[in-house]
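**Q** Before anything else, here's the structure in question.
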Amino acid sequence: MKENQSEKLKGTGESVDSLTNRQGHPVTDNQNIRTIGNRGPSTLENYDFIEKISHFDRERVPERVVHARGAGAHGYFEAYGKVGDESIAKYTRAKLFQESGKRTPVFVRFSTVAGAAESPETARDPRGFAVKFYTEDGNWDLVGNNLKIFFIRDAMKFPDMIHAFKPDPVSNLSNPERMFDFLSRTPEATHMVTFLFSPWGIPANYRQMQGSGVNTYKWVNKDGEAVLIKYHWEPLQQGIKNLTQKEAEVIQAKNVSHATQDLYEAIERGDFPEWELCVQIMSDDDHPELDFDPLDDTKLWPTDKYPFLKVGKMVLNKNPENYFNEVEQAAFGTGVLVDGLDFSDDKMLQGRTFSYSDTQRYRVGTNYLQLPINAPKKRVATNQRGGQMSYHVDLAPGQNPHVNYEPSVIGGLKEAEQIGKVHEPHYNDKLVREKIDRTNDFGQAGETYRSFEDWERDELIGNLVEALKICRPEIQDKMLEYFTNADEEYGKRVKEGLAQAMEMSKDSNNTSSAAADEAAHKAKQMGQEADPY
């Protein structure tokens, strides 16, 4: 077969496996640039070299500001056709959920939040859990984390939070004092801090962790009636597993990509990870009987009142064929919903809905939705034209290519028919800039602390002491106040641990974490001297 194909190219100097450049020109020498003599200066018209090196210079798009380090896989979502024991049509008209056994293709990207693209996967950090459903009505992106809550409840604070968690802009060193400087003035973060500094802050890998939509969404039925929804991914046969700080350090010393490796190898050997999608349902009102606002993403909905109801399962059974094309260029957005799904007034969700898609247009390009990994698996017809890297026009069959606007009577696109009644929530209030009324910043943090096993509480206290011991006293004092407000024992144990740690270490000139400072100091003392050569 190969000889016959080579024969077809006879006279061109090419065979089917010949190297070409992007213009289709055959490359006859891929080892040497053109020079004046074999050791003289190169010439400017080195086209093959210039094309090759200029593309190489641009092989990396700007990495994500958050969730830069990630891994991904393909699979499918299989609907149960019910929500718990009820017909799912009672709550949502979204087509992917309606039929038992119906499968929808998915692509999932797991990630860490704060680290750069090559950062270790053992970091104490939330894990991203983003799922792209390629439904018959277009794409649905369910973008969340492994932990079910978040640090802040208002999107205005998000850039400051990430800046505080990132390395110092002068030294480029990570320093927990920066993080706790921000957190000590953000009382609603106490619940998330309690999870993050416990073993739940370092999942063992991507397969053995939970996922959550974090924010509150809505489901809408055929009559336009809505309910509030929380989404949760629960691992099936692989279970849940977390690491202690010491276990993570042992792994990190030998492998900074252990979670990517674990996911890839599991799928390659046919050990396909599975998660069950569960939802919590709440009526669409402000629920004055609760001591928190159900739109507050720093809070858990109590499962005794709002149980987890199963709606389907997800199986990941195929690795990417190319990491960059699929995992790195995969673009998700919380605003990507299909009919039957809707937004709530969750302030973080509202802010994320603009930010996520805006980031992808900057990072990947105006036409990022034309890339195969991001494109819906259904017809697309738009009046959007041009832009960087546009490589096809979204024309409908028979559409007049001269008409890129609507309305039109000369062959342009038409509006689609609305199926199902539109959900139209009613508003009657002032336009203000205020925080929500029921903040209750510490109640659930205390409940979470008390729900931990003894070893989990020990790990939490030790990790907090290690991070806080280099912080200024005013930062320590505020965090101790928050922990005590959550639970008296919680605050007392951190205070006692800090006092002991401060007595042992009088050095307050830290530029990074205590462990990083110690490592930098040891590096000066270790190693072998060498003579110059």
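The values are calculated or read from the model by the stated rules, or taken from the named source; none is laboratory data. In this text the structure is predicted, and so the values were computed from the model without any measurement. FYI the Cβ positions are ideal-geometry reconstructions off the backbone, even for glycines, and counts take in every protein chain you see. Surface areas here come from the heavy atoms of the whole protein model, side chains and all, with no ligands, DNA or RNA. Shrake-Rupley method; radii C 1.70, N 1.55, O 1.52, S 1.80 Å.
**Q** Do any trypsin sites (Lys or Arg not before Pro) in the range 155-195 lie in a loop, going by DSSP, with at most 16 other beta-carbon atoms within 10 Å of their beta carbon, and if so which?
**A** R185
**Q** Charges only on Cβ, +1 for Lys and Arg, -1 for Asp and Glu: so what's the dipole of the chain about the Cα centre, in debye to the nearest 20?
**A** Rounded to the nearest 20 debye, it is 1340 debye.
**Q** So what J values fall out for the range 17-33 if you push phi through Karplus, 6.51 cos²θ - 1.76 cosθ + 1.60 with θ = phi - 60°, rounded to Hz, Gly and Pro as x?
**A** 10, 6, 6, 10, 8, 5, 7, x, 6, x, 9, 8, 9, 9, 10, 9, 7
**Q** When all protein chains stay in place, what accessible area (Å², nearest 10, 1.4 Å probe) is found for H163?
**A** Counting only protein heavy atoms, H163 exposes about 120 Å² to solvent.
**Q** With only alpha-carbon atoms counted, please give the Rg and Dmax of the range 96-196, in Å.
**A** Just the Cα atoms of the range 96-196 yield Rg and Dmax of 17.2, 56 Å.
**Q** Where in the range 79-107 is the amide nitrogen less than 20 Å from a point lying 7 Å along the Cα-to-Cβ axis of Q237?
**A** 79-80, 101-104, 106
**Q** Please work out whether the chain counts as rounded, prolate or oblate from its C-alpha gyration tensor, where a ≥ b ≥ c are the square roots of the eigenvalues and a/c under 1.5 means rounded, while otherwise a/b larger than b/c means prolate and anything else oblate?
**A** oblate
**Q** Sorted from largest to smallest, which semi-axis lengths in Å does the alpha carbon gyration tensor of the range 165-251 give for its equivalent ellipsoid, taking the root of 5 times each eigenvalue?
**A** Rounded to whole Å, the semi-axes are 32, 22, 11.
**Q** By how many nm would the segment from R438 to K377 grow when fully extended, if each residue of separation counts as 0.36 nm and the alpha-carbon distance is taken off?
**A** 17.7 nm
**Q** Between A501 and N46, 0.36 nm times their residue separation minus their Cα-Cα distance comes to what?
**A** Details: separation 455, 0.36 × 455 = 163.80 nm, distance 6.25 nm.
Between A501 and N46, full extension yields an extra 157.5 nm.
**Q** Can you give me the orientation-averaged projected area of the convex hull built on the Cα atoms of the range 466-521, in nm²?
**A** The number I arrive at for the range 466-521 is 3.8 nm².
**Q** Additional query: For the residue pair E86 and N21, what label-to-label distance in nm results when each label sits 7 Å from Cα along the Cα-to-beta-carbon direction?
**A** Rounded to a tenth, the inter-label distance reads 6.4 nm.
**Q** So which trypsin sites (Lys or Arg not before Pro) in the range 447-528 are both in a DSSP loop and have at most 11 other Cβ atoms within 10 Å of their Cβ?
**A** K506
**Q** Above 18 angstrom, tally the Cα pairs of the range 279-323 and express them as a % of all pairs, no decimals.
**A** Numbers: 470 of 990 pairs.
Every Cα pair in the range 279-323 considered, those over 18 Å come to 47 percent.
**Q** Something else: How many angstrom lie between the C-alpha centres of the range 67-90 and the range 449-498?
**A** A separation of 37 Å, based on Cα centres.
**Q** Then there is this: Considering the zone a paramagnetic label at K524 would reach in this model (a point 7 Å from Cα along the Cα-to-Cβ line), which residues of the range 178-204 have amide N under 19 Å from it?
**A** From the range 178-204, the list is empty.
**Q** Determine, from the Cβ-Cβ distance of S451 and V403 and an R0 of 60 Å, the FRET efficiency 1/(1 + (r/R0)^6), rounded to the nearest 0.05.
**A** 0.50
**Q** How large is the direction-averaged shadow of the alpha-carbon convex hull of the range 403-444, in nm²?
**A** On the way: hull surface 30.7 nm².
If I average the Cα hull's projected area over directions, I get 7.7 nm².
**Q** Let me ask another. Could you put W455, W219 in order of accessible surface area, largest first, with the 1.4 Å probe and the full protein assembly present?
**A** Heavy-atom accessible area, descending, gives W455, W219.
**Q** Also, I was wondering about something else. Might you work out the accessible area of K95 for me, using a 1.4 Å probe with all protein chains in place, and round it to the nearest 10 Å²?
**A** Estimated to the nearest 10 Å², K95 gives 90 Å².
**Q** Where does each of 118-126, 316-324 land if you order them by average Cβ count within 10 Å, highest first?
**A** Descending mean neighbour count gives 118-126, 316-324.
**Q** Pull up all non-local amide H partners of L243: gap of 5 or more, or a different chain, and H-to-H distance under 5 Å with H placed in the peptide plane.
**A** Hits under the 5 Å cutoff: I202, A204.
**Q** Positive end of the charge dipole of the range 219-369 (Lys, Arg +1 and Asp, Glu -1 on Cβ, about the Cα centre): tell me which of V250, L228, Y368 has its Cα farthest that way.
**A** So the residue furthest toward the plus end is V250.
**Q** Here is a follow-up. Calculate, axis by axis, the spread of Cα positions in the range 312-421 along the three principal axes, and write the results as whole Å, longest axis first.
**A** Dimensions of the range 312-421 along the principal axes of its Cα atoms: 44, 38, 29 Å.
**Q** Stokes-Einstein at 20 °C, 1.002 mPa s, Kirkwood radius from Cα pairs: D for the range 60-111 in µm² s⁻¹? Mind showing how you got there, number by number?
**A** Details: Rh = 13.3 Å.
Once the numbers are plugged in, D ends up at 161 µm²/s.
**Q** Oh, and also: Write down the accessible area per residue of the chain in Å², having rolled a 1.4 Å probe over the full set of protein chains.
**A** Per-residue value: 55 Å².
**Q** Could you work out how far the C-alpha centroid of the range 236-292 sits from that of the range 301-315, in angstrom?
**A** So the two Cα centres are separated by 16 Å.
**Q** Can you pull the accessible area of K305 for me, 1.4 Å probe, Å² to the nearest 10?
**A** That residue has around 120 Å² of solvent-accessible surface.
**Q** A further question follows. Charges at C-beta only: +1 for Lys and Arg, -1 for Asp and Glu. How large is the resulting dipole of the range 133-196 about its Cα centre, in Debye rounded to 20?
**A** Roughly 280 debye for the range 133-196.
**Q** Taking the highest mean first, how do the peptides 401-412, 251-262 order by number of other beta carbon atoms within 10 angstrom per residue?
**A** Most protected by this proxy first, the peptides run 251-262, 401-412.
**Q** For L173, L431, give the ranking by accessible area with the largest first, probe 1.4 Å. Show your work: numbers first, answer last.
**A** Working: L173 70, L431 180 Å².
Ranked list, largest accessible area first: L431, L173.
**Q** If you build the convex hull over the alpha carbons only and average its shadow over all orientations, what do you get for the range 361-485? Give it in nm² to one decimal.
**A** Computing the convex hull of the Cα atoms and averaging its projections yields 17.0 nm².
**Q** A further question on this structure: Based on a Kirkwood Rh over C-alpha pairs, give the Stokes-Einstein translational diffusion coefficient of the range 3-160 at 25 °C and viscosity 0.890 mPa s in µm²/s.
**A** Answer, rounded: 114 µm²/s.
**Q** How large, in percent, is the carbon and sulfur part of the accessible surface of the chain at a probe radius of 1.4 Å?
**A** 51
**Q** Here's something else I'd like to know. Relative to the Cα centre, what is the charge dipole magnitude of the range 368-421, using +1 at the beta carbon of each Lys and Arg, -1 at the beta carbon of each Asp and Glu, and rounding to the nearest 20 debye? All intermediate terms of the calculation are to be shown ahead of the outcome.
**A** Values: 6 positive and 4 negative charges, 38 e Å.
Using only the charged Cβ atoms, the result is roughly 180 debye.
**Q** Separate question: What's the long-distance tail for the range 144-198, i.e. % of Cα pairs beyond 14 Å?
**A** Roughly 56 percent, rounded to a whole number.
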